[in-house]
Ligand code: A2P
């Protein structure tokens, strides 16, 4: 077994801590019938962290790729997410079983996909995730798309902040305030749509292009490197084998202070995805 070049972050997990690769592979919008091949390509390229969700409808494809690989369960960090219609204590426990059955193995990280504040069940859902951890079924309970207010309420009611929050984050939406809140409470920041989403605008940005030319890398590699240097966990999605490999090759170069400052200047504060305070679907 070769040693992965990818750094890890240490997630709080009750009395213990769990290492998670800082760079993983996301399968958002990968159709179920393509997922097995795409995840196999990612594992072959060296990724050792896979991020899916019940709502993506492709957990079985992920499971098939994992089952087909020679890698052990301990060697691949696996994330899935609780969908909004399954929020609540009993519902979350049930939904976890369904995901585990489809994936064919237990999960390392289980995220509440959206807070859905109008439903107001995220505290009960997180309590269920803590129970799964206590029972040794799940290693790390986490959340996605939570604002400081949602995170604070979980801590106030359950006595513990989630160890990680996966949110929209890219050079046009840098989430400085949220990242500061995370830092203050030992919550890791994980970025979805790390490349700025499908519109591709971030990857066309002239500032990014200039840095890419300077360091002799592609715009996507520059953006992923920026995430890693900020300390974000990052899970780029690609369905193209060449890009899957390219996105993994971001640990052997670095951006300097000038590059980082130039990218910091690109923030527009505009989302490509829904606002978590308003998304209750
Ligand atoms: P594709 O799957 O055809 O490679 P994000 O993770 O920010 O949502 O971005 C995902 C989008 O970015 C997908 O449309 C994906 O297209 C594209 N993408 C992923 N990697 C690269 C890359 N290295 N260069 C250009 N586009 C990329």
Just one of 98, 35 is modelled with pLDDT of 95 or more and within 16 Å of the ligand (Cβ to nearest atom); which is it? 35
Residue satisfying condition, being without any contact (Cβ under 8 Å) to a residue 40 or more places away in the chain, closer than 29 Å to residue 147 by Cα, within 18 Å of the chain's Cα centre (by Cα) and near the ligand (Cβ under 10 Å from one of its atoms), within set 229, 221: 221
Please specify each residue of region 182-199 satisfying the condition of being under 10 Å from residue 234 (Cβ atoms) and out of contact with any strand residue (DSSP E or B) (no Cβ under 9 Å at 6 or more places or on another chain). none
For the subset of region 243-261 comprising residues that are more than 21 Å from the chain's Cα centre (by Cα) and crowded, with 17+ Cβ neighbours inside 10 Å, which member is nearest to residue 217 (Cα to Cα)? 255
Considering only region 196-216, state which residues are part of a loop (DSSP other than H, G, I, E, B), surrounded by fewer than 24 Cβ atoms within 10 Å (Cβ to Cβ) and near the ligand (Cβ under 10 Å from one of its atoms). 197, 198, 199, 200
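Table: residues versus (1) outside any loop (DSSP other than H, G, I, E, B); (2) touching a strand residue (DSSP E or B) at 6+ places or on another chain (Cβ under 6 Å); (3) at pLDDT 95 or above.
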site	(1), (2), (3)
1	no, no, no
5	no, no, no
11	yes, yes, yes
41	yes, no, yes
44	yes, no, yes
For region 233-273, how many residues meet the condition of being closer than 18 Å to residue 39 by Cα, in contact with a helix residue (DSSP H, G or I) (Cβ under 6 Å, 6 or more places away or on another chain) and more than 8 Å from the ligand (Cβ to nearest atom)? 4
With the requirement that a residue be touching a helix residue (DSSP H, G or I) at 6+ places or on another chain (Cβ under 7 Å) and either crowded, with 23+ Cβ neighbours inside 10 Å or under 13 Å from residue 238 (Cα atoms) (or both), what does region 3-28 give you? 23, 25, 27, 28
Filter region 1-18 for residues that are farther than 24 Å from residue 242 by Cα and in contact (Cβ under 8 Å) with a residue 40 or more places away in the chain and give the result. 9, 11, 12, 13, 14, 18
Would you tally the residues in region 142-194 being part of a loop (DSSP other than H, G, I, E, B) and away from the ligand (no atom under 16 Å from the Cβ)? 10
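The values are calculated or read from the model by the stated rules, or taken from the named source; none is laboratory data. Quantities reported herein were computed from a predicted structural model and do not represent experimental measurements. Note: ideal-geometry Cβ built from the backbone for every residue, glycine included; neighbour counts use all protein chains shown.
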